[in-house]
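K.L.:
Below is the structure I would like to discuss, written out as structure tokens.
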Amino acid sequence: MARGDGGGRDGRGEPEWRPVADVDMMTAVVLEQLGANRDQVRTLEPARRAPHLLDDHTVERIKQVIRQQRDHMWLWVETGERWQAQDLTAAEAAKVDQYVAAVEASAASNTVILALADELAAGTIEAALAKSDLELGVEALAGALARQANPFPDASPVRVRYPLTAGDTDETWWPWLMGLVVGRVAPGEWDVVVIDDRLVEGLDAGGNPVYPVCRRAAEAIRLQ
């Protein structure tokens with residue numbers, strides 16, 4: 001990542017890129033942010049099951065912070081790409097790989113938090129106070145019926161069974177990995193993005209990690 005205020009894509013000039021000697025420090029910074037993001041997900045998760053716990057300001061502040069992280073992610077990604085393009089020792093290459101994996105996991109956590117915050121924004125305290133008792137009752141009933149019809153709504157954070165190795169065909173041993181529901185594709189079947197830094201398939205044009213998408217029945221999916 002660049003020193004100082006940075007630059008590059010925001011029009012303020014080329015960033016001053018950090019040398020590979022800083023890889024340990026940079027990895028620690030990314031892992032600290034990743035840990036904070038995962039704590040944020042655990043903090044927000046109860047609000048999915050009990051709407052109206054959060055206010056508009058809190059939800060918007062969370063989204064603002066995570067969007068800022070996402071907007072600066074390209075600096076972290078390009079730093080790793082520049083290091084990987086250098087003539088590294090085996091030890092340096094291993095550390096750079098760890099850094100890149102941490103950046104990919106951090107980008108994935110941003111996606112999960114923003115999806116969760118968007119969902120919670122519709123059920124803040126202010127949103128509840130603006131509705132009548134009848135409206136709230138109708139929404140509660142509609143929500144219960146919707147959960148019966150589709151227990152895994154789009155963008156729901158879930159756990160999904162998925163193999164860590166391509167040759168593992170014994171589904172009973174597949175671990176439960178973090179995922180995000182893409183949508184229901186057939187009665188009793190859903191497409192799920194499997195968000196695990198060990199399974200990254202590459203980066204998209206924006207520098208974000210690309211994760212595998214699988215199709216699973218209800219028994220292979222759990223709400224977080």
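K.L.:
Quickly run through the range 169-224 and pick out the residues that are on the phi > 0 side of the Ramachandran plot and in contact with a Pro (Cβ under 7 Å, 6 or more places away or on another chain).
P.N.:
Within the range 169-224, no residue meets the criteria.
K.L.:
Restricted to the range 201-219, and to residues that are surrounded by 17 or more Cβ atoms within 10 Å (Cβ to Cβ) and touching a Phe, Trp or Tyr at 6+ places or on another chain (Cβ under 8 Å), which residue is nearest to P187 (Cα to Cα)? Before the answer, list the steps.
P.N.:
Of the residues in the range 201-219, the ones surrounded by 17 or more Cβ atoms within 10 Å (Cβ to Cβ) are 203, 207-209, 211, 214, 216.
Next cut, touching a Phe, Trp or Tyr at 6+ places or on another chain (Cβ under 8 Å) only: 207, 214, 216.
Details: G207: 34, C214: 16, R216: 11 Å.
Only one residue tops the list, namely R216.
K.L.:
Just wondering, is there one or more residues in the range 115-131 that are touching a Ser or Thr at 6+ places or on another chain (Cβ under 7 Å), surrounded by fewer than 18 Cβ atoms within 10 Å (Cβ to Cβ) and at pLDDT 75 or above?
P.N.:
No: zero hits.
K.L.:
Further question on the same structure: Scanning the range 1-55 for residues that are touching a strand residue (DSSP E or B) at 6+ places or on another chain (Cβ under 6 Å) and modelled with pLDDT under 75, which turns out surrounded by the fewest Cβ atoms within 10 Å (Cβ to Cβ)?
P.N.:
In this case the residue turns out to be R3.
K.L.:
Still on this structure: I need a count of the residues in the range 166-224 that are outside any strand (DSSP E or B) and over 27 Å from R67 (Cα atoms).
P.N.:
15
K.L.:
Let me ask something else. List every residue pair whose Cβ atoms sit under 8 Å apart, with the two residues 6 or more apart in sequence or on different chains, where the first one lies in the range 109-122 and is free of Cβ contacts under 8 Å to residues at least 60 places away in the same chain and of a type in the set (A, V, I, L, M, F, W, C) and the second, anywhere, is buried (at least 19 other Cβ atoms within 10 Å of the Cβ) and assigned to a helix (DSSP H, G or I).
P.N.:
Partner pairs satisfying both residue conditions: L114/I66.
K.L.:
For residues that are touching a residue at least 12 places away in the same chain (Cβ under 8 Å) and either touching a strand residue (DSSP E or B) at 6+ places or on another chain (Cβ under 7 Å) or assigned to a helix (DSSP H, G or I) (or both), tally how many sit in the range 71-90. Give the steps one after another, and end with the answer.
P.N.:
If we filter the range 71-90 for residues that are touching a residue at least 12 places away in the same chain (Cβ under 8 Å), which is where we start, we get 72-80, 82-84, 86, 88.
Okay, now just the ones that are also either touching a strand residue (DSSP E or B) at 6+ places or on another chain (Cβ under 7 Å) or assigned to a helix (DSSP H, G or I) (or both), so 72-80, 82-84.
Here the count works out to 12.
K.L.:
Out of the residues in the range 160-200 that are over 17 Å from the mean Cα position of the chain (by Cα) and basic (K, R), which is surrounded by the most Cβ atoms within 10 Å (Cβ to Cβ)?
P.N.:
This residue is R161.
The values are calculated or read from the model by the stated rules, or taken from the named source; none is laboratory data. Because the structure is predicted, anything quoted here is derived from the model rather than measured. Virtual Cβ from ideal backbone geometry, glycine too; neighbours counted across all protein chains shown.
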